[in-house]
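As structure tokens, the structure follows; a few thoughts come after it.
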Amino acid sequence: MKLWARAALGGVLVAASIGVGVVVFGPQSTAAMAAQRLAPSGFDDLRNPLKLPVPTRSPSDPNADVPVIAIGRIAIPRIGLDTTLYEGLWETVIDVGPGHWPGTADPGGWGNTVIAGHRVTYNHQFRDLGRLVSGDQIIVSTSDGAFTYSVTESFVVDPSATWIADQQPGRTLTLFTCHPPGSEAFRLVIRGELVS
């Protein structure tokens, strides 16, 4: 075989073996990256500490005319809820459906994802949140994927308890709504941890 033919064949074999390596190892790398993204390690792929998000303040004018932007879905099988999730805490947003508190962790992200919803007015989609118990699932889906949280606790706070949106290491979810039903005297808070 001529020298140039051997060189060409060698190049093809090297390229083929690299291609096989990509085919064989590519899906494993993708799965490993996905697992690492969900791992509660607190470090990114380069072993740098993850930074916690910074929640925005509650709206100064909760009735401001703001755009209503869908960002995903929230499903809670125990109470038969499966609805659109929106971005924002303004009344004009949560009158349409549950709203993600801007600046808190994105669903599935590092930190505390916080979502508010009505209990008895307008769509009353969070009406039955009080029925949730430890271990119940809450699934939040966005363009980044579907994230399943397991309920860990529920408690009641006064309306000034904005600390429920505080960010802490981990991948947690906080839902809140008025309490008791038909009153704005308190807030019912449901907490969960990411399980998948």
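The values are calculated or read from the model by the stated rules, or taken from the named source; none is laboratory data. Please read these numbers as outputs of a predicted model, since none were measured by experiment. Every residue, glycine among them, receives a Cβ derived from its backbone with ideal geometry; neighbour counts consider all protein chains shown.
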Exercise for review: Select, from THR104, THR113, THR56, the only residue that is surrounded by 18 or more Cβ atoms within 10 Å (Cβ to Cβ) and either touching a helix residue (DSSP H, G or I) at 6+ places or on another chain (Cβ under 6 Å) or outside the structural domain of ASP166 (by TED's automatic domain parsing) (or both).
Suggested key: THR104
Practice item. Taking the residues in the stretch 127-150 that are in contact with a Leu (Cβ under 7 Å, 6 or more places away or on another chain) and within 19 Å of CYS178 (Cβ to Cβ) as candidates, determine which candidate is surrounded by the fewest Cβ atoms within 10 Å (Cβ to Cβ). Key: GLY130
Review point. Any idea which of THR113, THR142, THR162 is of a type in the set (S, T, N, Q), touching a residue at least 24 places away in the same chain (Cβ under 8 Å) and closer than 13 Å to LEU194 by Cα?
Key: THR113
**Study point:** Boolean, GLY170 is touching a Pro at 6+ places or on another chain (Cβ under 8 Å), more than 23 Å from PHE186 (Cβ to Cβ) and at pLDDT 95 or above
**Key:** yes
Check your understanding: For LEU175, all conditions in the list (1) closer than 19 Å to GLY80 by Cα; (2) of a type outside the set (S, T, N, Q); (3) assigned to a loop (DSSP other than H, G, I, E, B) hold save one; what is the number of the exception?
Key -> (3)
